[in-house]
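Visitor: Just dropping this structure here.
The values are calculated or read from the model by the stated rules, or taken from the named source; none is laboratory data. All of these numbers come straight from a predicted model, not from anything done at the bench. Note that each Cβ is placed from the backbone with ideal geometry, even for glycine, and that neighbours are counted across all protein chains shown.
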Amino acid sequence: MERVRFAPSPTGPLHIGGLRTALFNCLYARKLGGSFILRVEDTDQNRKVDNSEQYIHDSLTWCGIEPDEDPIKGGEYGPYRQSERRKLYETFIQQLIDSGGAYYAFDTAEDLASAREKDEKEKGGFKYNALNRHLFANSLNSTEEETAKRVGEGDAVVRLKVDADQVVMSSDLVRGNIRVNTSELEDKILMKKDGMPTYHFANVVDDHLMKITTVIRGEEWLPSLPIHQLLYNAFGWEAPKFMHLPLILNPSGKGKLSKRDGDKNGYPVFPIQWNETMGYKEAGFLPEAHLNYIAQLGWSPKGNNEIMTLRDMEGAFDVAEIQKGGARFDYEKAKWINQQHLNRLSAEEIIERYPVQTKKLRDKFGKEAPEIVDLIKERLVLVNDLEETTRCFVEDPVNYDEKALIRIQKIDKKKVGSLVKKSLENSEIINLKEAFIKAGDENDIGLGAFMQVTRIAVVGSLSGPDLFELLKFIGKDVTLRRLDQLINKQ
Ligand code: GLU
């Protein structure tokens, strides 16, 4: 059975890239009937940010992505927080040291810094590896007593022993076979002096112990793949399959999408609010629409199925359709997809899911509220448009759109206004159009003038839902009051 995991580090909020990784893991598991695991990689206690694990959890909940195993609900392979798995890492690091796959290093930060400075000047870069490890303070150059003493004093890190000039072979489901020469790699630190494992070590040990079959993560982790492969080899474990998802680029295609881009150009990069920064939820996106959009950042599903629910995506997901090249973020597209999803919801569903945004409407119209939502539904791009697009049903306009007033400046507002009022007084709203036409014929005024003046009086602008439908809901008295307001406006 396939087992995949989303393994975020709780170092801040989840951004679009992280959520996409979670989504693709979930889609992959659901498509193949496997399990989707959430593992919190919190071994770097210095970078840990409070609330961030809770935030990750809340974001996934908002999106409807539910792991089968996670730190809260547990599972057969727990604990699912790496900080609670220290004992396990100790056992495995010892195994690696005993087999010669890893060694202790005692270098001081100062020694390493000066070696780095020297090599950067002379060789253009520094690597702690097979070519120079004999120059450093480590267990490979020390007596057993010395090593035992330094280890006992808590003064040792553990490094992976990478042989010189070997080819590491690994493979990626999107990119195919990947060959790297070990001379390009470093003897990475696997365990720090405080006994905490580093990302590489904990990640590989846990993927093995949690029986992960496929690792799906962002392309920024591709350079770590050879190190991970070497760790699997050193333990004699079979490596999982790997799939590295393409980078998410900013709209210009130059560089990775960043929070700064979002702030500058006015779009969110987090799923839900993080401190003062609003997320997609607060910006008025449906979670299913947000997921639908981010799924397209790197996945081009075959056929004409651009608009998909999470269930649809679970059925359609196909690794062969994942692209290699970076995916350019497009906020307009994200909004368009949201609009399509909103349009597919029934008015009743919209009201049920967004009681706050439809409160005034429900208070005023009760059972008729869904009919009104149906009238305006196709004009909704964001959930937050609900209040604005239904405002004319519940409130008189407070001011008038300047451009709209300019459009009707040639029309004699007083005259047309009083003819509209007369038509209203003498006929039912369902016959109002005919009444306008008749009054227009008698006074040589086109129907358009009647419609425009009435619309501006009632809505405050020239946009809005079908005018006669709107008037039916607000009734004659309110319409007359709003007409007076416009006519009397200076
Ligand atoms: N903890 C890593 C991260 O924050 C996980 C990378 C991986 O999936 O291997 O993204």
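Visitor: Is one or more of the residues making up segment 455-462 among the basic types (Lys, Arg) and in contact (Cβ under 8 Å) with a residue 60 or more places away in the chain?
Guide: The answer is no; no qualifying residue exists.
Visitor: Across segment 221-261, which residue is farthest from Ile322 (Cα to Cα) among those that are of a type in the set (D, E, K, R) and part of a helix (DSSP H, G or I)?
Guide: Restricting to residues being of a type in the set (D, E, K, R) and part of a helix (DSSP H, G or I), the top hit is Arg260.
Visitor: Would you check if Thr198 is within 19 Å of Phe136 (Cβ to Cβ), under 28 Å from the mean Cα position of the chain (by Cα) and not charged (D, E, K, R)?
Guide: So Thr198 passes the test.
Visitor: Which residue, of Thr91, Thr11, Thr61, Thr108, is within 30 Å of Pro301 (Cα to Cα), among the β-branched types (Val, Ile, Thr) and either at pLDDT 95 or above or more than 16 Å from the ligand (Cβ to nearest atom) (or both)?
Guide: When all the criteria are applied, what remains is Thr61.
Visitor: Restricting the search to segment 143-190, which residues are among the polar types (S, T, N, Q) and farther than 29 Å from Thr214 by Cα?
Guide: Thr143, Thr147
Visitor: Name the single residue, out of those in segment 220-237 being away from the ligand (no atom under 12 Å from the Cβ) and within 16 Å of Glu184 (Cβ to Cβ), that is surrounded by the fewest Cβ atoms within 10 Å (Cβ to Cβ).
Guide: Among residues in segment 220-237 that are away from the ligand (no atom under 12 Å from the Cβ) and within 16 Å of Glu184 (Cβ to Cβ), the one surrounded by the fewest Cβ atoms within 10 Å (Cβ to Cβ) is Gln229.
Visitor: How many residues are surrounded by 21 or more Cβ atoms within 10 Å (Cβ to Cβ) and away from the ligand (no atom under 13 Å from the Cβ) when one looks only at segment 238-271?
Guide: 6
Visitor: Does Thr91 satisfy the condition of being polar (S, T, N, Q), surrounded by fewer than 21 Cβ atoms within 10 Å (Cβ to Cβ) and closer than 30 Å to Leu14 by Cβ?
Guide: So Thr91 does not fit the description; no.
Visitor: Are there any pairs with C-beta distances below 6 angstrom linking a residue in segment 208-229 that is within 21 Å of Phe92 (Cα to Cα) to a residue that is within 12 Å of the ligand (Cβ to nearest atom) and part of a loop (DSSP other than H, G, I, E, B), with the two at least 6 apart or on different chains, and if so which?
Guide: Qualifying pairs under 6 Å: Ile212/Pro240; Thr213/Pro240; Val215/Pro240.
Residues are listed down the side, and each one gets a yes or a no for (1) among the aromatic types (Phe, Trp, Tyr); (2) under 18 Å from Gly100 (Cα atoms); (3) without any contact (Cβ under 8 Å) to a residue 40 or more places away in the chain:
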residue	(1), (2), (3)
Thr143	no, yes, yes
Asp155	no, no, no
Leu160	no, yes, no
Ala164	no, yes, yes
Met169	no, no, no
Asp172	no, no, no
Arg175	no, no, no
Ile178	no, no, no
Glu186	no, yes, no
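Visitor: Could you list, in sequence order, all residues of segment 24-57 that are more than 19 Å from Ile72 (Cα to Cα) and either of a type in the set (Ser, Thr, Tyr) or away from the ligand (no atom under 11 Å from the Cβ) (or both)?
Guide: Phe24, Leu27, Tyr28, Ala29, Arg30, Lys31, Leu32, Gly33, Gly34, Gln45, Asn46
Visitor: Checking the conditions here, which among Arg150, Arg217 is out of contact with any Lys or Arg (no Cβ under 7 Å at 6 or more places or on another chain), charged (D, E, K, R) and under 23 Å from Tyr104 (Cβ atoms)?
Guide: Among Arg150, Arg217, only Arg150 is out of contact with any Lys or Arg (no Cβ under 7 Å at 6 or more places or on another chain), charged (D, E, K, R) and under 23 Å from Tyr104 (Cβ atoms).
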